[in-house]
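Okay, so here's the structure we're looking at.
Bear in mind that the values in this text are calculations on the coordinates, not laboratory data. What you see is a predicted model, and the numbers here were worked out from it, not measured in a lab. Backbone-built Cβ (ideal geometry, glycine too); neighbour counts: all protein chains shown.
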Ligand SMILES: [Zn+2]
């Protein structure tokens with residue numbers, strides 16, 4: 001009996017060790033489970049407080065970015081960390097995580113699409129546009145990501161000036177979303193005219209722009225330029241006159257080309273009639289100054305000065321006063337020295353002043369951009385209005 005007890009003791013001890021070990025492992029596992037979420041939320045807290053570098057430190061402790069086996073719980077952590085690495089500028093590490101993730105079979109279709117989306121963003125950030133384009137192309141088939149993928153592709157094709165592909169993408173995007181894109185597609189057609197070398201291609205692109213967006217001012221301006229290069233001034237005038245019905249904020253853009261066309265046709269009276277019509281109906285400093293210039297040529301400086309003085313009382317304008325001084329300087333007067341000084345001051349003032357402003361982001365400049373260089377919106381840059389503008 002005693003021998004049997006002696007035999008049982010080591011077995012009991014081993015069993016006890018196993019039990020204790022098992023209990024310890026369970027406890028460690030519990031501790032880990034309790035510990036992980038605590039740090040996970042700490043990491044999230046850093047993210048919320050815009051301290052991504054500290055969040056990266058915390059999340060990096062929990063995962064091996066080349067891990068061969070990833071359970072479904074860790075997938076989210078990998079995606080979060082990958083995104084953080086990219087935002088921190090560590091694109092290679094982000095790419096490594098996302099490529100590694102995509103080799104795992106545990107990914108659900110949604111997680112696979114998300115990992116693809118993140119990898120495409122990594123490639124875009126790294127400037128590998130062809131690879132990004134390929135992945136975004138795959139994501140146009142994803143229900144969750146298709147709209148965003150089309151937007152990314154549009155950005156890439158705009159960046160590459162691949163307007164044919166941009167047109168195709170924008171049309172596909174318009175088919176799957178409610179987004180109004182006709183005005184953007186019209187701009188793409190206008191961009192094509194700058195690249196077209198084939199005879200007749202410009203005309204075709206302008207017609208396509210106007211057919212998809214009849215209010216495309218840029219297409220009308222291009223149409224007038226094309227007519228001018230062919231020596232057809234009347235056709236150019238007809239194209240320019242469309243702007244009045246498309247977007248009156250762009251009327252200042254048509255004044256100079258209209259003057260050129262009408263003067264080439266020796267139709268000054270028709271020019272004055274149309275300028276007077278624009279000025280009476282919409283106001284604005286550009287038609288006012290063009291009218292004053294016509295009056296000065298046709299009836300003399302006094303007529304122009306009287307007209308300008310009268311209108312500037314109603315609508316003060318720096319450009320208007322500057323032109324009034326210029327007219328006054330053409331004749332001898334007692335205030336000539338003062339006027340020269342004033343003119344120099346106004347010239348300086350106008351020289352430093354932007355002419356155009358983006359309605360979307362406030363970007364200002366002296367040239368008309370059809371796509372804002374700052375916020376990338378189309379048709380958002382317009383001539384500045386007011387006392388120091390139009
Ligand atoms: Zn802008």
| If the Cβ limit is 9 Å and pairs must be 6+ apart or interchain, which residue in the stretch 370-386 that is farther than 19 Å from residue 251 by Cβ and free of Cβ contacts under 8 Å to residues at least 24 places away in the same chain pairs with which residue that is more than 8 Å from the ligand (Cβ to nearest atom) and not in a loop (DSSP other than H, G, I, E, B)? | 372/378; 373/365; 377/371
| message | Within the stretch 227-246, take every residue that is part of a helix (DSSP H, G or I) and out of contact with any helix residue (DSSP H, G or I) (no Cβ under 6 Å at 6 or more places or on another chain) and give me the one that is surrounded by the most Cβ atoms within 10 Å (Cβ to Cβ). | response | 244
| message | Consider the stretch 370-390. How many of its residues are part of a loop (DSSP other than H, G, I, E, B), within 9 Å of the ligand (Cβ to nearest atom) and under 22 Å from residue 284 (Cβ atoms)? | response | 1
| Residue satisfying condition, being out of contact with any strand residue (DSSP E or B) (no Cβ under 6 Å at 6 or more places or on another chain) and part of a loop (DSSP other than H, G, I, E, B), within set 266, 344 | 266
| request: Look at residue 293 and say whether it is more than 39 Å from the chain's Cα centre (by Cα) and farther than 19 Å from residue 385 by Cα. | output: no
| task | Sort through 303, 292 and tell me the only one that's assigned to a helix (DSSP H, G or I) and surrounded by 19 or more Cβ atoms within 10 Å (Cβ to Cβ). | result | 292
| field | Options 211, 249: the member that is in a helix (DSSP H, G or I) and either surrounded by 22 or more Cβ atoms within 10 Å (Cβ to Cβ) or touching a residue at least 40 places away in the same chain (Cβ under 8 Å) (or both) | value | 249
| note | Restricted to the stretch 349-369 and to residues being closer than 16 Å to residue 284 by Cβ and part of a loop (DSSP other than H, G, I, E, B), the residue nearest to the ligand (Cβ to nearest atom) is 368
